[in-house]
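Report on one structure; see the data block that follows.
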DNA sequence: CAAAAAATGAGTAGTCCCACCTATTTCGAG
DNA sequence: CTCGAAATAGGTGGGACTACTCATTTTTTG
């Protein structure tokens, strides 16, 4: 007889925690679920009763999910950890993945997103929910912000599939000016190849 | 005192229907929910007790959601209808929206997707879940399928940001061949402008 | 097999973009 | 005010794609 998968939950929001328990009991009925609304209690419990996988909220009092991840991983290196949060900020996500978490799921994602995440992570894989994936693979906002106003403006025009000539005509400047700006933008963004700038512009419409 | 919103449910899959009821009771507790596992029963009930909104599955015995939509709309023109299904086929979706449904939600979407859909539709709006939106706004598969194998292959390479020269080298053919194919592809897809082909390739990676 | 479709290759002219220059003007921050 | 960043513009050379047209070979298909 296989021992049941032990899932540790840590979320300070009681309503959400309740919903989470319901979902897991329904989706994965063969699990032992240990819910905690306090990260400290969760940590103490985990040390005495090592779970297979921990699902952690990020925003908790006393100790946040980041610190909890670190502590759990140092105590129980083989423990799988999935972060379940509302945050989508790339920087946060990157630092969390660096801390050794195995999964990252956004709270307003589909329920099955979490379930597939759990299954994938238990098998030794890594799971990052797709909208998050998009964010972290998108370029640093900081780099985009290093562009000047006009450069930014021109980048927008490029995203609209306009040629340098068209942009020049609209802005009442010389083509050469636009070409210079394109050059500068490409250099700042470390892009090369004739199409890479257009691709960048298309990929990052919403951030420009 | 405002009368409660009356929601009619029709889904032949009992487990899913149960889950749906749970979710709605939790998310919208002020609703009167009338669940049916049979579309005929749902229709008969709706005529006697007109609901505000109907959430219908597509794949049902006796009568599918499409026919049900038509009948409901002819009996109760002001009734709002949301289709809740697993289908993502653009053709199906298009015909459904043509039949007068107000919303389209994929079953494996997030729960809140359905709730926001209900709210939006009740306010008189239309709601189509984002992955579906992507599909139906994407170009006709038929046009893409009119491309020959090599043309398709080349389009894939273009989507990978490769130049004609690079593609030619990989396929051991002349650059001219590739350029010819590009031309033919552009003509078939009715594209013009130097970047439109790349844009198309990038936009439709998954369909090529 | 014979006709049609597809793939291959070439030529020419023109556009667009890149990369690397230089130079002038404008304008804001120290 | 002055220094420097930003915007403006011009030049050159080269790479890449478009838009045509034409021709040959291979493959598919009726």
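The values are calculated or read from the model by the stated rules, or taken from the named source; none is laboratory data. Just so it is clear, the structure is predicted and the values come from calculations on it, not from any experiment. In this analysis, Cβ positions are derived from the backbone assuming ideal geometry, glycine residues included, and neighbour counts consider all displayed protein chains.
Where in segment A:17-112 are there strands (runs of 3 or more DSSP E), lying wholly inside it, with at least 1 residues that are modelled with pLDDT of 85 or more? Even if it seems obvious, please write down each step before you answer.
Details: elements: A:31-36, A:53-56, A:80-85, A:103-106.
Because the criterion is at least 1 residues that are modelled with pLDDT of 85 or more, the strands (runs of 3 or more DSSP E) in segment A:17-112 that meet it are A:31-36, A:53-56, A:80-85.
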From B:187, B:182, which residue is within 9 Å of DNA strand D (Cβ to nearest atom) and in contact (Cβ under 8 Å) with a residue 12 or more places away in the chain? B:182
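Tell me the residue from A:143, A:136 that is touching a helix residue (DSSP H, G or I) at 6+ places or on another chain (Cβ under 8 Å) and either modelled with pLDDT of 75 or more or more than 30 Å from residue A:56 (Cα to Cα) (or both), please.
Values: A:136 fails: either modelled with pLDDT of 75 or more or more than 30 Å from residue A:56 (Cα to Cα) (or both).
Answer to the selection: A:143.
Pick from segment A:172-186 the residues that are in a helix (DSSP H, G or I) and more than 7 Å from DNA strand C (Cβ to nearest atom): which of them is nearest to residue A:147 (Cα to Cα)? Outline the logic, then answer.
Narrowing segment A:172-186 to residues in a helix (DSSP H, G or I): A:175-186.
Retained after the next criterion (residues that are more than 7 Å from DNA strand C (Cβ to nearest atom)): A:175-178, A:181, A:184-185.
On the way: A:175: 19, A:176: 18, A:177: 15, A:178: 14, A:181: 10, A:184: 9, A:185: 7 Å.
Filtering segment A:172-186 for residues that are in a helix (DSSP H, G or I) and more than 7 Å from DNA strand C (Cβ to nearest atom), the one nearest to residue A:147 (Cα to Cα) comes out as A:185.
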If you check residue B:169 against the conditions, is it more than 16 Å from residue B:203 (Cβ to Cβ) and within 7 Å of DNA strand C (Cβ to nearest atom)? no
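Within segment A:3-16, track down each residue that is modelled with pLDDT of 85 or more and out of contact with any helix residue (DSSP H, G or I) (no Cβ under 8 Å at 6 or more places or on another chain). Quick ask: steps written out before the conclusion?
Taking segment A:3-16 first, the residues modelled with pLDDT of 85 or more are A:5-10.
A:6 - this is the single residue of segment A:3-16 that is modelled with pLDDT of 85 or more and out of contact with any helix residue (DSSP H, G or I) (no Cβ under 8 Å at 6 or more places or on another chain).
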Condition first: surrounded by 15 or more Cβ atoms within 10 Å (Cβ to Cβ) and free of Cβ contacts under 8 Å to residues at least 24 places away in the same chain. Now tell me which residues in segment A:197-208 satisfy that. A:199
Taking the residues in segment B:146-171 that are outside any helix (DSSP H, G or I) and closer than 19 Å to residue A:198 by Cβ as candidates, determine which candidate is modelled with the highest pLDDT. B:163
Could you check segment B:157-170 and list, in sequence order, the residues that are in contact (Cβ under 8 Å) with a residue 12 or more places away in the chain and away from chain A (no Cβ under 14 Å)? B:170
Go through (1) at pLDDT 90 or above; (2) away from every other protein chain (no Cβ under 14 Å) one by one and return the number of the condition residue A:208 breaks. (1)
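Given the structure, is residue B:201 near DNA strand C (Cβ under 9 Å from one of its atoms) and assigned to a helix (DSSP H, G or I)?
On the way: near DNA strand C (Cβ under 9 Å from one of its atoms): no; assigned to a helix (DSSP H, G or I): yes.
For residue B:201, the condition - near DNA strand C (Cβ under 9 Å from one of its atoms) and assigned to a helix (DSSP H, G or I) - is not met.
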What are the residues in segment A:172-193 that are within 14 Å of chain B (Cβ to nearest Cβ) and either touching a strand residue (DSSP E or B) at 6+ places or on another chain (Cβ under 9 Å) or surrounded by fewer than 14 Cβ atoms within 10 Å (Cβ to Cβ) (or both), if any? A:192, A:193
